Amino acid sequence: MRSKLIAAAASVVAFAVPATAMASGSTPSSAGSGGNGQAQQSAQWAETLQSAQSQAYAKQNAVNSNAPVNVAGGNIAGGENSANQTASNGADSSAGNNASTSQSNSQTQSDPSSCQMGCGGNGQAQLAEQAAQTEQEAISKAKAEQNAVNTNAPVNVAGGDVSGGNNSANQTASNGAGSSSSNNASTSQSDSQSQSDSSSCQMGCGGNGQAQLSYQAALTAQDAYSKAYADQNAVNANVPVNIAGGDVSGGSNSANQTAENGAGSSSGNNASTSQSNSQSQSDPSSCQMGCGGNGQAQLSYQAALTEQEACSKASANQNAVNANVPVNIAGGDVSGGSNSANQTASNGAGSSSSNNASTSQSGEQSQSS
């Protein structure tokens, strides 16, 4: 990353063509006054690189079966059979980059000198360079794979009579994987330079020399990786079987079976770099005659390097079997009682990784003579 910062500085020199503004002073001189020399030079360079990749994969092989079978050598009176079976599979993936780069440079030069005669010109110079490079990469991947079987299959086999009772089954198998990766980088650079020479020199005064140099460089690199994987093989079965050589009176059978599998992964980077530089020079000298010029110089350099990497991975693997299978076999009479089963199998994995970096630099210089 340091080599990238050096390369960014070199890019500033190679590609940024400074805009030079030459301005002569507006001194209301009367006679023999030398001209004021003013120069301003400013260069700004910004490069933003963003890459966002998102992938979601969901695969499901689900079988929901409700198949009552009645086989009799005698009579069968089928009772109620109700089954609510649900198998859901989902994969969500999101990757985002949000980069904002702001550069501001303000330069002001003023020479309201009231010199009357033979004044030498004031020399003022300002140079400012700003360079910003932002690199962001966000990769998000979510994969959910499910093989779920929900079965409610009461079977009645009789050589005599079978009176089927109520049978109810609520079976749910859900599998989900969510992955999120985000980068949020903000780089702000501000440079303000001001020079003033309000000398009330009357005669033969030498020019004041003022110089300001400012350089700012910021490099922000962010990597965020997020991966979530959920694999589930769930079987929910409610299979009451009644087999009789005599009579079977089936009782109520109720089963609530749930198998859940989920994996969530989140990775985020939040980098903020702020640089501010303020320089001010003033020379309100009340020199009357033959004064030499004041020399003022200001140099400011700011460099910021921010590197962030966040990796997050969540994996959930589940093989769950929920079974409620009452079986009644009789050579005589069987009177089935109530059967109730609440079965739950849940598996979850959560992973979170976050980087939060903030870099603030402020340089303030003031000179007065």
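A short reminder: the numbers here are calculations on the coordinates, not readings from a lab. Predicted model only: the values in this text are computed from it and were never measured. Virtual Cβ from ideal backbone geometry, glycine too; neighbours counted across all protein chains shown.
Structural remarks
- Residue list for the stretch 271-312, given a label point 7 angstrom along the Cα-to-Cβ vector of Ser200 and an amide N cut-off under 20 Å: 282-294
- Between Ser368 and Cys311, full extension at 0.36 nm per residue minus the direct alpha carbon distance yields a gain of 15.3 nm.
- Rounded, prolate or oblate (a/c below 1.5 giving rounded, otherwise prolate when a/b exceeds b/c) for the stretch 308-369 by Cα gyration tensor: oblate
- Dipole magnitude of the stretch 209-338, debye to nearest 20 (Cβ charges: Lys/Arg +1, Asp/Glu -1, about Cα centre): 260
- Rg/Rh for the chain, where both radii come from Cα atoms and Rh is the Kirkwood radius: 1.48
- Extreme residue, positive dipole direction of the chain, given options Ala271, Gln130, Val239 (C-beta unit charges): Gln130
- Net length available on complete extension from Ala303 to Ser360 is 19.5 nm, with 0.36 nm assigned per residue and the Cα-Cα distance removed.
- Long-range Cα-Cα pairs in the stretch 90-198 (distance over 26 Å), rounded percent: 66
- Span from the the stretch 159-202 Cα centroid across to the the stretch 291-322 one, whole angstrom: 20
- The amide H of Glu129, built 1.01 Å from its N in the peptide plane, has Ala43, Ser214, Tyr215, Gln216 as neighbours under 5 Å, considering only residues 5 or more places off or on other chains.
- Under conditions of 20 °C and 1.002 mPa s, the stretch 184-278 yields 92 µm² s⁻¹ as its translational diffusion coefficient, taking Rh as the Kirkwood radius over Cα pairs in the Stokes-Einstein equation.
- Each peptide in 112-119, 40-47 receives the mean, over its residues, of other Cβ atoms within 10 Å, and ordering these scores from highest gives 112-119, 40-47.
- A Cβ-based charge dipole, computed about the Cα centre of the chain with Lys and Arg at +1 and Asp and Glu at -1, lands at about 320 debye.
- Amide H contacts of Gln210 (H built 1.01 Å from N, under 5 Å, at least 5 apart or other chain): Gly123, Gln124, Ala125, Gln296
- Proximal aspartates and glutamates relative to Lys141, as straight alpha-carbon distance under 15 Å, when same-chain residues fewer than 8 apart are discounted: Asp92, Asp223, Asp231
- Each peptide among 322-335, 135-148, 235-248 gets the average number of other Cβ atoms lying within 10 Å of its residues, and from highest to lowest they stand as 135-148, 235-248, 322-335.
- By the Cβ distance rule of under 4.7 Å, the chain has these cysteines without a partner: Cys311.
- Between helix 2-15 and the chain: long-axis angle, C-alpha atoms, 0 to 90°, nearest 10: 50
- With θ taken as phi - 60° and the Karplus curve 6.51 cos²θ - 1.76 cosθ + 1.60 applied, the whole-hertz 3J(HN,Hα) list for the stretch 202-212 is 9, 7, x, 7, x, x, 8, x, 10, 9, 9 Hz, x standing for glycine and proline.
- For the stretch 246-302, a Kirkwood hydrodynamic radius built from all Cα pairs, placed in the Stokes-Einstein relation at 25 °C and 0.890 mPa s, yields a translational diffusion coefficient of 110 µm²/s.
- Principal axis box of the stretch 129-174, alpha-carbon based, largest edge first, Å: 98, 17, 3
- The calculated 222 nm mean residue ellipticity attributable to helices in the chain amounts to -1000 deg cm²/dmol, summing -39500 (n - 2.57) over DSSP H runs of n ≥ 4 and dividing by all residues.
- Taken about its Cα centre, the stretch 82-176 carries a charge dipole of roughly 200 debye when the Cβ of each Lys and Arg holds +1 and the Cβ of each Asp and Glu holds -1.
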